[in-house]
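Report on the following structure.
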Amino acid sequence: MALLSDQNLLFMRVTRSFTIPSVPKSQAQRRLTALIPFVLTLSACFRAELGRFETPPEIDNLADSASRHLALSVTNPRADSSHGYQFLLFIIPVTRVFPDGLAELVATKLTMYAGFSGNGLHQDLKADHPTSRLTAHVDSVSVNGYDLLVTRRPSASITLRAALYTRDGSIRECKARGSFSEFSKFAFEEELRHALDRATDAAARELLECLGLFNAREFEEVHGKEIV
């Protein structure tokens, strides 16, 4: 057998000096280590659907009684995609979240706040009705629930983009983002729906104010800062 060279002997001594001694694991550590692969196997395998948001009939009455009427269309290009997760231990995604009827929720918020300022938005306005037109798009949306061991944190954010086409041919474009999060006992469907509703509420108000279809100061003087 060939003798080891001086360089090899030196390399072995150096590598041995960096060897980390093994530390015996406690029983709890061994159980946690065994659980991690199982949890990761189930990562994002479950599905949570947020049911459709109901439109109060008063919303249509508010639009009908407005002094100015506009056609409204709302699109959500990723309507069938998941928009977030329910996280275990804050970092492990276990359930994918699918908000249902998001375009309808956006349309309801826009119709409600525009109506408070005398602007009636109608999705079924006849084509021969001479009017302005508002087209809104859901650019992005995120709905997540975080498990923090002793509490939960439902969170949501949404970005809306819109263009207002007036009868004189002018176009005004705006973009707005709304977000909401809070600490809660749970972060299930009801809490996630509430977070998404509040985030959409904020985005819709900001978007309409940018387009000149909503007066936030006037609204707050009459109704307060928000309608829950």
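Each peptide in 149-159, 169-179 receives the mean, over its residues, of other Cβ atoms within 10 Å, and ordering these scores from highest gives 149-159, 169-179.
Rounded to the nearest angstrom and listed largest first, the equivalent-ellipsoid semi-axes of segment 130-228 from its Cα gyration tensor are 32, 16, 9. Annotation for segment 142-157 versus segment 159-228: alpha-carbon center distance of 21 Å. Each residue of segment 92-109 was assigned a 3J(HN,Hα) from its phi angle through the Karplus expression (A = 6.51, B = -1.76, C = 1.60, θ = phi - 60°), giving 9, x, 9, 10, 8, 9, 10, x, 9, x, 5, 4, 5, 5, 4, 4, 5, 5 Hz with x at Gly and Pro.
Under 5 Å between amide hydrogens, built in the peptide plane, is the criterion, and for residue 69 it picks out 120 among residues at least 5 positions away or on other chains.
A simple rule links phi to the HN-Hα coupling: the Karplus curve 6.51 cos²θ - 1.76 cosθ + 1.60 with θ = phi - 60°, which for segment 166-176 gives 9, 5, 7, x, 7, 10, 10, 10, 9, 9, 8 Hz, with x for Gly and Pro.
Once you have the Kirkwood Rh of segment 53-223 from its Cα pairs, apply Stokes-Einstein at 25 °C and 0.890 mPa s and quote D in µm²/s. Reported coefficient: 146 µm²/s. Label-to-label distance for residue 123 and residue 67 is 2.8 nm, based on points extended 7 Å past Cα in the beta-carbon direction. Nearest 5 is fine: what % of DSSP beta bridges in segment 53-223 come out antiparallel, could you say? Among the beta bridges of segment 53-223, antiparallel pairing accounts for roughly 70 percent. Translational D (Stokes-Einstein, µm²/s) of segment 103-156 at 20 °C and 1.002 mPa s when Rh comes from the Kirkwood sum over C-alpha pairs? It diffuses with D of about 150 µm²/s by this estimate.
Read-outs: derived from the displayed coordinates by stated rules, not from any lab. The model shown is predicted, which means the values in this text are computed figures rather than measured ones. As a convention, Cβ positions derive from the backbone with ideal geometry for all residues, glycine included, and neighbour counts pool all protein chains shown.
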